[in-house]
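The values are calculated or read from the model by the stated rules, or taken from the named source; none is laboratory data. Small disclaimer: the values here were computed from a predicted structure and weren't measured. Cβ coordinates were reconstructed from backbone atoms using ideal geometry, including for glycine residues, and neighbour counts include every protein chain displayed.
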Amino acid sequence: MSGLVLSQPERPDTNPKGKRQDMPMQIMTKLLSFFKTDPKQPRKYFPEAELLSLGSSMKTFGQLQPVGAIPDGILLWGERRFRAAQLVGLKELSVIITDRLLSDSEIRLIQLTENMLRADLCGHEKWLACAELMTMNPGWQMKNLAEHLHFDPSMITRLLSPSKCIEAAQLALRDNKIGISDCYEFSQEIPERQAELLSMKLGGASRNAIKHARRKSRNGEAVSIMLSRVKIAMPQGAMSAAFSSRANNAGWTGPGRGYRRAGWTGPGRA
C-alpha cells in the first residue's frame, strides 16, 4: 500500500480499576484476510457512501492511521477503514497489534473512545455502549465511566438517560427520530407523561416547546396548543370546525362550543 502512517491514535486509560497499564504494541502490515470484525463493537451503522469516500481517500493518499487489532485479527478500532479498504479493492492495511491480553471491558472502552473521537456514533449507539460498560463493571458509578472516557459527568448522565425512557422513546432514538437530549428531557418524567412528550416531539414540537410543556406540567397547568381548524369524523360525515381559542389537555374548546371528555357541548346543550 502506498502512503505513510502519519500518526498513532492515543489509547484511552483502559484499566477498569482506574490504574493505567502499558499496552505493548507493534505496527505491521497485514492482508485484509487477516482481519475479523467484532460484532459487539459500539458502531453498528456503516453508510456505504461514506465508506466509498473514505476508501477513495485511502487509495489516493494512503492509510493515514493504522487500525488496531488483537493477535487473532479481531479489530479493536478502525472497522470503517477496514470496510472501506474492502470496498475499493485495497489488499492490505497497516495495523497496531497489542501484545497484552485485554478484558472485554477494556476492549469496549478502547472501541467506544476511539469511535467518539472520530466519526461520531449516533445517539443510540452511544447509549448502548455506555450502558454495556456499566453492566460489565458493576462496581462503577457514572463518574467512573466519565473518568475513563474523559467526559464531563453531566454528559454521561445524558448518554445513559434512554435507560430511564419508555420503550417507544428508545425505538425512536434508534430510528433517529429523536436525539439524546430529547431522551434526557423525557427521562425526568413518569412513563405516561413521557408518552405525551414523545407524541409532541414526533408531531414536530421543538425542544423549547417540550421544555415549556414540562414546566407547565410541573406547575399544574394544562399544556396548550393553538389551533385554527380541525377536521372531525362524525356519524353523519366529516365536519370541519374552526377554533379561535386554545386546546388543552382537558379537551378542545372554542367560542360557545367545544369538545370535552364528557362529549360535545354547544349553545344550549350540555
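Before moving on, here are some points about what is shown:
- Whichever residue in region 20-56 is among the small types (Gly, Ala, Ser) and either modelled with pLDDT of 90 or more or in contact with a Ser or Thr (Cβ under 8 Å, 6 or more places away or on another chain) (or both) and, among such residues, is farthest from Glu92 (Cα to Cα): Ser56
- Cβ-Cβ distances below 8 Å connect the following pairs, each with a first residue in region 77-105 that is assigned to a loop (DSSP other than H, G, I, E, B), a second residue that is hydroxyl-bearing (Ser, Thr, Tyr) and crowded, with 19+ Cβ neighbours inside 10 Å, and a separation of six or more residues or different chains: Leu102/Thr14.
- If you go through region 146-166 and keep only what is of a type in the set (A, V, I, L, M, F, W, C) and in contact with a Leu (Cβ under 6 Å, 6 or more places away or on another chain), you end up with just Ile156.
- Residue count for region 142-153, restricted to those that are closer than 15 Å to Ser105 by Cβ and surrounded by fewer than 17 Cβ atoms within 10 Å (Cβ to Cβ): 1
- Applying a threshold of 9 Å to beta carbon distances and a minimum spacing of six or more residues, or different chains, the list of pairs starting in region 44-67 at a residue that is free of Cβ contacts under 8 Å to residues at least 40 places away in the same chain and ending at one that is of a type in the set (Asp, Glu) and surrounded by 14 or more Cβ atoms within 10 Å (Cβ to Cβ) reads Phe46/Glu79; Val67/Glu79.
- Within region 176-209, restricting attention to residues that are within 11 Å of the chain's Cα centre (by Cα) and of a type outside the set (S, T, N, Q), the residue that is surrounded by the fewest Cβ atoms within 10 Å (Cβ to Cβ) is Lys177.
- Pairs where the first residue, in region 154-175, is on the phi < 0 side of the Ramachandran plot and crowded, with 21+ Cβ neighbours inside 10 Å and the second is among the hydroxyl-bearing types (Ser, Thr, Tyr) and outside any helix (DSSP H, G or I), C-beta under 6 Å, 6+ apart: Ser161/Ser187; Cys165/Ser187
- Test: Asn249 is within 28 Å of Tyr45 (Cβ to Cβ), modelled with pLDDT under 95 and surrounded by fewer than 17 Cβ atoms within 10 Å (Cβ to Cβ): no
- Positions within region 137-161 being at pLDDT below 90, of a type outside the set (A, V, I, L, M) and part of a helix (DSSP H, G or I), in sequence order: Glu147, His148
- Residues satisfying the stated conditions in region 68-94, i.e. of a type outside the set (D, E, K, R) and more than 25 Å from the chain's Cα centre (by Cα): Ala69, Ile70, Pro71, Gly73, Ala85, Gln86, Leu87, Val88, Gly89, Leu90, Leu93, Ser94
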